[in-house]
Amino acid sequence: MNSYTSPNIVENGTRDLQYNLLFSCLVSLGVNWNNIHHRNSGPAYDELNFQWNSLNGYVEPLAYLVAYHVSDVQKAVTCCGLIKVRIVARSGGHSYIKNGFGDSRSLIVDLAKMNHISVDPKQMTSEIGAGAKVALVSYTLWKNGKFLIPGGICPIVGIAGLTLGGGYGRFTTVFGLTSDSVVEMEMVDARGQLLVINNSTNSDLFWALRGGGGGNFGIVTKFKFKIYKAPRSVVYVRNEFSFENFSQFYRAWQTLMNFGVPRHFSLDFKIFDSHILMEVFGFNFQYQNEIMESVTNFLSSFSFPNATSSSSKVMSYEEFMVADATAFSSVMIQTVSQLENMTKYDAVVEWKKVKSMFVDQILNESQIYALKDLFSEYLPYLDLTAEPNNAAVNSILPSDSAFVHRGTNLFDLQFRASSVPPKQPDFQADRAIRMLFEKSKSVFHHRESYQNYMDQDLTDYLVRYYGSNLDRLVSIKSRYDPGNMFHHPQSIPVNMDLSGK
C-alpha cells in the first residue's frame, strides 16, 4: 500500500489508526483521495454528515467515501473487509432512525453522485443510479417523454432506500409499489463482485431486494425500472372534517378501503390539530372531461360527514409535480425544472420519531369509539397519516417478493412525533407515540409494520417487517453475506438464532 502523507491522513493517536489503514488501502486501489473525508476534516465532511433528525444524537462516522463509479464501491467493500471496518451505503439518508449514518467506526459510501438516469421509450424502461433522488427521477422521466415510475411522495428521498423497502407514493394504487416496477438491479456483494440481478439471474436476490430492505445483502448501485406514461391531468380534491365526526368519517373510510380504491385514484387522510384532512387525487390517463365527475361520484357513494371546508381543482401533470414538491422545499417551487436540483428541503434540525402499522380489520361500532378515545387522548401530541394498501399492491402475492404486506391489509397508519425547535426530544410526544402504538393493539390487533419506517422501539421488528417471508430472507442473507458485512441495528440476520425467534 502507498505510505505517502496526504491532507486526509491523520497522524495523531491510535483512535485513527484504522482510518489511516483504510485510507491507504483505498488510495492504493485507485480511489481518488479527494473523495475520502475523515471525521473532523472540514466542511466537506460536515456537509455530507448533515442530519435533519436529532433522534439518537449526532452520529459521527469514521469517514465518507463519495462514490462516482461502481469500482469505488467495489474497492470500498474490499478494503473494509480487509481492515474490518463497518461499511454502510447511503443514497438519500432518509431512514428515520439514521441507519445511513452508521456509527463512529463506519465508512459511509455516499452514492449521491451515482445518479445517472437513462430512458428507453421503445422498451418502456429506465436505468437509474442508486444515488438519484425521487425529485430528479420524476423530472428526468417527465423531460424525456412524460413518463413516470411509482416513486415516493417525498421528493428528496433516495431511490435506493425507497425501492428496497417497498416504496409508497401517489401512484401506488395505480401501478403498485416502487419495488414492483423493478425489472433488474446491479449490486456489489460482500466479496466486492458486481452482480446482475433479475428474474432469471440471481433470482433469489431479485426476490429479496424487492421489499427486503436496504443494508442487508450488498450495495445496490443501479436499477432498471418499467416506466409508464404520465397522466394527462390530475384532479385534486381536498376535504376537511371536524374530529368530532371521526366515528362517521372512519366508518366511511374503512368501507371505502374494503370496497377497494379504483386504480386511477390515490387518497389519504391525515389527523392534526383536531382536524381530519382527506386528499384525493384522480389521474386522467384518457378522458379529461370525465375525471372530476368520476372522483365526485365515487366519494359520494360513501357516507362521509359534511366537510367543514372543501376545494377541488384540475391540474396538468407538471402542475401536480410542482405542487407535490413544494411541501418539501424551503424555497418556492415554481417550475418543474427546479426538481432536478432538489436535495434537502432546509437546514432545520428537528427531533422526529415514527411508528407504523398495517390495518387488516373492519372495526365494529364499539371498536371505532374506542379508537376515537385513543386518538383523543394521544393525537394532541402527534399527527397521523393513513394510506391505502390495496388496488395494484395486491396484484401480486405476498410470497412473490419480499414485501409481505399484501392481500388482507386495507391501509397503513403512520404516527409521527416531532419537536421543532428545539432539537431535544419532546418527551410528551415520545410517551404519546409509544402509548398509542401499544394501546391500539387492543383495537386493531396489528402485527405488521412498514420496513421503510424502521422503529427502534420494536422488539419483534423482523416479524413485523417481513412476516412469513423472514425465513427465506435469512437463508438468502446467509448465502450472499455469510460474514454479515452488511448490517445495521435491525438488519436481517445470518441465522435465525439472532432473530429472536
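The values are calculated or read from the model by the stated rules, or taken from the named source; none is laboratory data. Because the structure is a prediction, the values reported are computed rather than measured. All Cβ positions, glycine included, derive from the backbone under ideal geometry; neighbour counts span all protein chains shown. The area values use the complete protein model at the heavy-atom level, side chains included, leaving out ligands, DNA and RNA. Shrake-Rupley method; radii C 1.70, N 1.55, O 1.52, S 1.80 Å.
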(request) Return only the number of the condition from (1) under 28 Å from Asn56 (Cα atoms); (2) assigned to a helix (DSSP H, G or I); (3) among the hydrophobic types (A, V, I, L, M, F, W, C); (4) open to solvent by 10 Å² or more (accessible area, probe 1.4 Å) that Ala135 does not satisfy. (result) (4)
(message) Among the listed residues Ala44, Ala76, Ala67, identify the single one that is modelled with pLDDT of 95 or more and under 28 Å from Trp351 (Cβ atoms).
(response) Ala44
(request) Would you point out the residue of the stretch 64-76, among those that are within 24 Å of the chain's Cα centre (by Cα) and open to solvent by less than 20 Å² (accessible area, probe 1.4 Å), that is farthest from Asn35 (Cα to Cα)? (result) Val73
(message) Take the residues in the stretch 468-485 that are part of a helix (DSSP H, G or I) and in contact (Cβ under 8 Å) with a residue 40 or more places away in the chain; name whichever of them is farthest from Arg210 (Cα to Cα).
(response) Arg479
(request) Please go through the stretch 164-180 and pick out each residue that is hydroxyl-bearing (Ser, Thr, Tyr) and within 15 Å of Gly212 (Cα to Cα). (result) Tyr168, Thr178, Ser179
(request) Give me the pairs, please: first residue somewhere in the stretch 367-391 and open to solvent by 50 Å² or more (accessible area, probe 1.4 Å), second residue anywhere and not β-branched (Val, Ile, Thr), beta-carbon distance under 7 Å, and either six or more positions apart or on two chains. (result) Tyr369/Ser247; Tyr381/Ala417; Tyr381/Gln428; Tyr381/Ala429; Tyr381/Ala432
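Go through Glu340, Glu377, Glu350, Glu365 for me and flag whichever is under 24 Å from Met321 (Cβ atoms) and either of a type in the set (Asp, Glu) or out of contact with any His (no Cβ under 9 Å at 6 or more places or on another chain) (or both).
Values: Glu377 fails: under 24 Å from Met321 (Cβ atoms); Glu350 fails: under 24 Å from Met321 (Cβ atoms); Glu365 fails: under 24 Å from Met321 (Cβ atoms).
Unique residue meeting the criteria: Glu340.
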(request) Would you check which residues across the stretch 202-213 are touching a residue at least 40 places away in the same chain (Cβ under 8 Å), more than 17 Å from Ile396 (Cα to Cα) and in contact with a strand residue (DSSP E or B) (Cβ under 7 Å, 6 or more places away or on another chain) and list them? (result) Leu205
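Let's see how each residue does on (1) over 12 Å from Gly161 (Cβ atoms); (2) modelled with pLDDT under 95; (3) aromatic (Phe, Trp, Tyr); (4) surrounded by fewer than 18 Cβ atoms within 10 Å (Cβ to Cβ):
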| site | (1), (2), (3), (4) |
| --- | --- |
| Arg90 | no, no, no, no |
| His94 | no, yes, no, no |
| Phe101 | yes, no, yes, no |
| Ile108 | yes, no, no, no |
| Lys122 | yes, no, no, yes |
(message) Tell me yes or no: at least one residue of the stretch 260-282 is of a type in the set (Val, Ile, Thr), open to solvent by less than 10 Å² (accessible area, probe 1.4 Å), modelled with pLDDT of 95 or more and under 22 Å from Ile149 (Cα atoms).
(response) yes
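The rows are residues; the columns are (1) open to solvent by 10 Å² or more (accessible area, probe 1.4 Å); (2) over 24 Å from Gly152 (Cα atoms).
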| site | (1), (2) |
| --- | --- |
| Asn452 | yes, no |
| Asp455 | no, no |
| Tyr466 | no, no |
| Ser478 | yes, yes |
(request) Considering each of His405, His446, His488 in turn, give the residue that is surrounded by fewer than 21 Cβ atoms within 10 Å (Cβ to Cβ) and not in a helix (DSSP H, G or I). (result) His446
(request) Could you check, for the stretch 186-201, whether at least one of its residues is free of Cβ contacts under 8 Å to residues at least 40 places away in the same chain, more than 27 Å from Ile333 (Cβ to Cβ), part of a helix (DSSP H, G or I) and small (Gly, Ala, Ser)? (result) no
(message) What's the total number of residues in the stretch 50-81 that are out of contact with any strand residue (DSSP E or B) (no Cβ under 7 Å at 6 or more places or on another chain) and either among the hydroxyl-bearing types (Ser, Thr, Tyr) or over 23 Å from Glu186 (Cα atoms) (or both)?
(response) 10
(request) Give Val188, Val182 a once-over and let me know the one that is aliphatic (A, V, I, L, M), surrounded by 19 or more Cβ atoms within 10 Å (Cβ to Cβ) and either modelled with pLDDT under 95 or under 18 Å from the mean Cα position of the chain (by Cα) (or both). (result) Val182
(request) Count, please, the residues in the stretch 138-159 that happen to be part of a helix (DSSP H, G or I) and open to solvent by 10 Å² or more (accessible area, probe 1.4 Å). (result) 5
(request) Output the number of the condition that Tyr64 fails; it satisfies all remaining conditions of (1) in a strand (DSSP E or B); (2) closer than 26 Å to Gly167 by Cα. (result) (2)
(message) Considering only the stretch 373-389, I want to know if a residue exists there that is closer than 30 Å to Asp204 by Cα and hydroxyl-bearing (Ser, Thr, Tyr).
(response) no
(message) Go through (1) assigned to a loop (DSSP other than H, G, I, E, B); (2) in contact with a Ser or Thr (Cβ under 8 Å, 6 or more places away or on another chain) for Tyr465 and report which single condition fails.
(response) (1)
(request) Pick out the one residue from Val119, Val109 that is within 24 Å of Asn32 (Cα to Cα), touching a residue at least 60 places away in the same chain (Cβ under 8 Å) and of a type outside the set (Lys, Arg). (result) Val109
(request) Would you check if Val85 is closer than 30 Å to Asp426 by Cα, open to solvent by less than 40 Å² (accessible area, probe 1.4 Å) and of a type in the set (Val, Ile, Thr)? (result) no
